[in-house]
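Down below is the structure, laid out as structure tokens.
All of the numbers you see were taken from the coordinates with simple rules; none came from a lab. Owing to the predicted nature of the structure, the values given are computational and were not obtained by experimental measurement. Here the Cβ positions follow ideal geometry from the backbone for every residue, glycine too, while neighbour counts run over all protein chains shown.
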Amino acid sequence: MSQRKLVVKLENVWKVYRTGRVGTIALRNVNLDISKGEFIAVVGPSGSGKTTLINIIAGLDKPSKGRVWVLGRDLGNLDEDELSRFRRGKIGFIFQQFHLIGRLTALENVEIPLMAMGLPPKEKREVALKLLREVGLGDRADHKPFELSGGEQQRVAIARALAANPELILADEPTGNLDSKTAHSVISLLKNVCRSRRVTVVLVTHNHELLKYAGRIAWLKDGEVIKVEWVA
């Protein structure tokens, strides 16, 4: 990966899932470059390969053919332990389901990724509280998920994704459980926070109203990137 400003590079990536002798093509010959600080949306109908693509970028799935570089590392050269450490230190995840732990407060949920960093309890709390303030939830730090709205829970999830100071955020349908107004608010927040931090964002979404927040859009159909366009 010679281009230093590239965060993700997919080269001739195929993914075929096999059941016995039957093969299902999830991705076909995908070539895609994503630069540092970019906010790119990946769009396509159900079954077009969006989640497979994001899983391959995360190293959660391996391509059947082709090569994947993320932050200068060839993922094909990393074993499972190395991939796990790489994800933990470099990549933040945001999902449609918020995946917050119900018995923990918002603050404690954000602290979870910080545990692996060995920070003293006081410093860990300060970092988590700063992140909650950054997403507008400083006054909700002691609330548990059931005491928060869907939009607030996703903001906690964004703060948690940023806790380890990642260079790449992978957001897979993060507004799927939110109403339209809240969805716009959450994606606008994500864009602004990541822009200020120069974090690269790959957003998988089916909501075309959210595409205005992206800098580029990659359109998928039947596992193939059929078009990549800049947003005016």
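When you restrict to C-alpha pairs under 8 Å that are six or more residues apart and normalise by the size of the chain, the relative contact order lands at 28 percent. Here the Karplus relation 6.51 cos²θ - 1.76 cosθ + 1.60, evaluated at θ = phi - 60°, turns the backbone of the range 32-38 into coupling constants of 7, 10, 10, 8, 4, x, 7 Hz, with x for every Gly and Pro. The smallest convex shape that holds all Cα atoms of the chain, its convex hull, gives 137 Å³ per residue. Helix 150-162 and the longest principal axis of the C-alpha atoms of the chain enclose an angle of approximately 80°.
Based on the mean of other beta carbon atoms within 10 Å per residue, what is the order of 80-88, 29-37, 221-229, most packed first?
Highest to lowest by the protection proxy: 29-37, 221-229, 80-88.
Placing a pseudo-label 7 Å from each Cα along the Cα-to-Cβ vector at residue 224 and residue 12 gives an inter-label distance of 1.7 nm. A straight Cα-to-Cα reach below 17 Å connects residue 15 with the lysines 50, 62, 65, 221, residues fewer than 8 places away in its own chain not being considered.
For the range 72-160, the relative contact order comes to 36 percent (Cα pairs under 8 Å, sequence separation of at least 6).
Sorting the segments 151-163, 201-213 by their residues' average number of neighbouring beta-carbon atoms within 10 angstrom, most packed first, yields 151-163, 201-213. Structural descriptor for the range 1-95: relative contact order 33 percent, calculated from alpha carbon pairs under 8 angstrom and at least 6 residues apart. For the range 90-96, 3J(HN,Hα) computed residue by residue from phi via the Karplus equation (6.51, -1.76, 1.60; θ = phi - 60°) reads 10, 10, x, 10, 10, 10, 5 Hz, glycine and proline entered as x.
For the pair the range 144-179 and the range 1-65, the centres of their Cα atoms are 23 angstrom apart.
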